[in-house]
Each structure stands twice: as structure tokens, then as C-alpha cells.
1. Give the number of residues within region 28-71 that are in contact (Cβ under 8 Å) with a residue 24 or more places away in the chain, out of contact with any strand residue (DSSP E or B) (no Cβ under 8 Å at 6 or more places or on another chain) and under 30 Å from residue 131 (Cβ atoms).
2. I want to confirm something. Restricting to region 122-135 and keeping residues that are under 14 Å from residue 169 (Cα atoms) and over 15 Å from the mean Cα position of the chain (by Cα), which single residue is surrounded by the most Cβ atoms within 10 Å (Cβ to Cβ)?
3. Which pairs have Cβ atoms under 8 Å, sit 6 or more apart or on different chains, and link a residue in region 132-155 that is without any contact (Cβ under 8 Å) to a residue 12 or more places away in the chain to one that is assigned to a strand (DSSP E or B)?
4. Quick one: residue 70 ticks every box in (1) surrounded by fewer than 20 Cβ atoms within 10 Å (Cβ to Cβ); (2) in a loop (DSSP other than H, G, I, E, B) except a single one, so which number is it?
5. Just for region 1-14: of the residues that are closer than 14 Å to residue 131 by Cα and modelled with pLDDT of 95 or more, which one is farthest from the chain's Cα centre (by Cα)?
6. For region 109-116, state whether one or more residues are more than 12 Å from the chain's Cα centre (by Cα) and either on the phi > 0 side of the Ramachandran plot or in a strand (DSSP E or B) (or both).
7. Given the conditions (1) surrounded by 12 or more Cβ atoms within 10 Å (Cβ to Cβ); (2) at pLDDT 95 or above; (3) farther than 30 Å from residue 82 by Cα, report the number of the one that residue 50 does not fulfil.
8. Answer yes or no as to whether residue 160 is touching a residue at least 40 places away in the same chain (Cβ under 8 Å) and surrounded by fewer than 22 Cβ atoms within 10 Å (Cβ to Cβ).
């Protein structure tokens, strides 16, 4: 399933279900660029092993993804219906068999976006599961460049075992500037692009 109701706008879907699919959240050209960029990061050994999803590789706060984060704040704010502040960006490489367990996110991920970049086999689908505000579980399939905007601190989300050799995704996280988590802006860092702060809640 890709869109809850084709007649709904993204902001209407977010208000009713707590998530919204945004086709072409970034352009296909930008998705291709970031996918190539991630390949280069791998060649340069710039990834880290992810404790949350064993067997996957991650990057946190990379300047390229932090730039997309900062430039997406207005778009995301329009969808979620709030003035939002960026907290951090994050990219992950899933490998065959790796699993993202069902979970909700920490305060710095109040409003989040997950964007698909590329996979080793585009003919094999790898949807993300999410439980909407209506209590229904749905599987959301994204094309490269598509984004799923979701209420990260409230909605359970997950992925089943990865069916392809590799699959790349990145995440943009925000908080409501007038909400209870506004102190999480920049994920407790002085500014975007820095490594994780020891003060950030994990």
C-alpha cells in the first residue's frame, strides 16, 4: 500500500493517520546523487555499525544529508501543521536478512521522514510497516526519492527482513518549535553537521 486515500493531501493524511506518503519528496536526480554519495562513503569506510539494527551500516549528521534536512524543514512543517526545527539526519544501508524491529522513536524524532534511495534489485519491494493513529497496520512501499512523513514518537514502525542484497534509506528528523521537545533542536548539538552529542537522549 502506498497512499491511504488518493483524494487526501499529505497534510490531511498526516492529521488523520499520523503519516503521509509524499511521492517525489526529493527529485530522482538528488536520490541518484545521494545513492552514489553513499557508495563513496562506503568505499572510504565512513559508515558505522548500527546497534539498533545489527548487520546494517549507518552515517549520522553527514553534511550532505544535513543540508537536505535543513532545506526540508518548511516542507515538512507544512505537512505536519507546525513550525518545525531540524534535529538530525541519518542514513542506513540494510543488507539481506537485516530487520528493523517494531518501535517508536525518541523525542528528537517527533516528526520524521524516511526517504528511499536505491537497492540492489529494484524489482523486489521492501516496504516499511507503520501503525496509524487509527490502529491499523499498513505496509508502505516507496520508489527512489519518495518520502514517508510520520509522527515518529507516537507511531510504531518497522521493517521485515531485507529481501535484497542491499537497500539504502535516509531519515530526516524534526521537532515542533512550540512543542515539548523543542530543546531537542539540532539533537543537542551546537549546529548541524556535528557528531552526536553526549547530551542527546538515545
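The values are calculated or read from the model by the stated rules, or taken from the named source; none is laboratory data. In this text, all values refer to a predicted model and were calculated from it rather than measured experimentally. Quick reminder, even Gly has a Cβ in these numbers, built from the backbone with ideal geometry, and neighbours come from all protein chains shown.
1. Residues that pass the stated criteria total 3.
2. So, considering only residues that are under 14 Å from residue 169 (Cα atoms) and over 15 Å from the mean Cα position of the chain (by Cα), the one surrounded by the most Cβ atoms within 10 Å (Cβ to Cβ) is 125.
3. These pairs meet every condition: 137/129; 137/130; 137/131.
4. (2)
5. 13
6. Filtering region 109-116 for residues more than 12 Å from the chain's Cα centre (by Cα) gives none.
No, the conditions are met nowhere in region 109-116.
7. The one condition residue 50 does not meet is (2).
8. Against the criterion (touching a residue at least 40 places away in the same chain (Cβ under 8 Å) and surrounded by fewer than 22 Cβ atoms within 10 Å (Cβ to Cβ)), residue 160 qualifies.
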